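Take a look at the structure set out below.
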Amino acid sequence: MTTTPVSSTLTSSQAMPPRVPGRPPLRIGRRCSGVWRPRSMLVAALGLTATVLAMAVNIGRGEYPISVLEVLGVLVGGGEETGRFIVLELRLPRSLTGALVGAAFGISGAITQAITRNALASPDIIGINAGASAAAVTVIVLGGTYGAVSGFVSVVGVPVAALGGGLLTATLIYLLAYRKGIEGYRLVLIGIGVQAVLMSLVSWLLIVASVTDATRAVVWLNGSLNARGWEHVVPVSLALLVLVPAALLLVFVLGALQFGDDTALGLGVRINGARTALLLVAVGLASVAVASAGPISFVALVAPQLAVRLVGASRPPLLASATVGAALTVTADLIARTAFGATELPVGIVTAVLGAPFLLYLLARRNREVRV
């Protein structure tokens, strides 16, 4: 007489993940996936509110100052003609690009950290941003060095090169990390190695480039929202409209992957296909964000971790990570524009100053957990 294992008789609603000491038991289900939890939605709403207020303050600062109330009035359809022109045509695209890029980085970082189950995993740590940077700097340097290539720069452009570089780098990392599936730590380690190689290539390109091209490349490498127009808003908006719903559709799969491959298989999840689909969404969001504003550092790393702490979840919530990333990027741009008088810094410098200490905190905390 054969017996059926108990685990195989459990339905998806009955299957329970292993309990983590010090945390309440977690349940798997669409309603308990973490996206629509009241606290998660509250944090997402507060992050969206903070983003709008930061945008209003940022838009109002400049040679022609506009109050926050006037900016908000223009955004809802009011205001005078002069104020509407300044807000809608000159200043709004910059702040809106920053908010959309920050949201894309936030969701991308949340997905990569959840897949790898590693708080240190993000597109700027595992090499995706480095691939986009290497491709963009190559186009900048070649476009300035060879006259025949300058036409290529004008037609294809740095953003498209960055998008292609990010996708190609992600494909390379995936192929190198694949060993009958994708394991989180292997993916992170290979990504760090690929990033080191690509940043060495970027350093060499900056050495051989002319002063003008090197200056342009350095500004782009730091991540900048300067001179952003509606042409920069449209691509990242379309990417978010397509990829965010895809991420939300895969959120149940993402939740199942948190409890180990055996539990995910018991719930009927195709592990390799699920990880591949989620990585494609994360890479697409990160690549489009880098193509729109450059490799803004640490937003994809910090935003999901802040969202986790605000929500109290076991993994980064997607919508909360998006709004926290948007608020963080717009606030950093406001600081970069106004904190140093007439000197305007690239937004990536501010995010690096804010994010580097947080990275050290995560490293120290992880070291303590390993010792315990």
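Each value in this text was obtained by applying a stated rule to the coordinates, not by laboratory testing. Owing to the predicted nature of the structure, the values given are computational and were not obtained by experimental measurement. Counting neighbours? That spans all protein chains shown, and the Cβs are built from the backbone with ideal geometry, glycine included.
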### Query
About its Cα centre, how strong a charge dipole does region 60-120 have in debye, to the nearest 20, once Lys and Arg get +1 and Asp and Glu get -1 at the Cβ?
400
### Message
Under a Cβ-only charge scheme (Lys and Arg +1, Asp and Glu -1), can you give me the dipole magnitude of region 297-372 about the Cα centre, in debye to the nearest 20?
### Response
420
### Message
Taking 2.2 N^0.38 Å as the expected size of a compact globular protein, what ratio does the Cα radius of gyration of region 47-140 give against it, to two decimals?
### Response
1.44
### Query
Gap in Å between the Cα centre of region 286-317 and the Cα centre of region 101-121?
5
### region 259-365: equivalent-ellipsoid semi-axes (sqrt of 5 x gyration tensor eigenvalues, Cα, Å)
32, 16, 11
## Note on the structure
For residue 192 and residue 344, extending 7 Å from Cα along the Cα-Cβ vector and measuring point to point gives, in nm, a value of 3.7
#### Entry: Exposure proxy ranking, count of Cβ atoms within 10 Å, fewest first, for 252, 105
252, 105
### Per-residue Cβ neighbour rank within 10 angstrom, fewest leading, 244, 141
244, 141
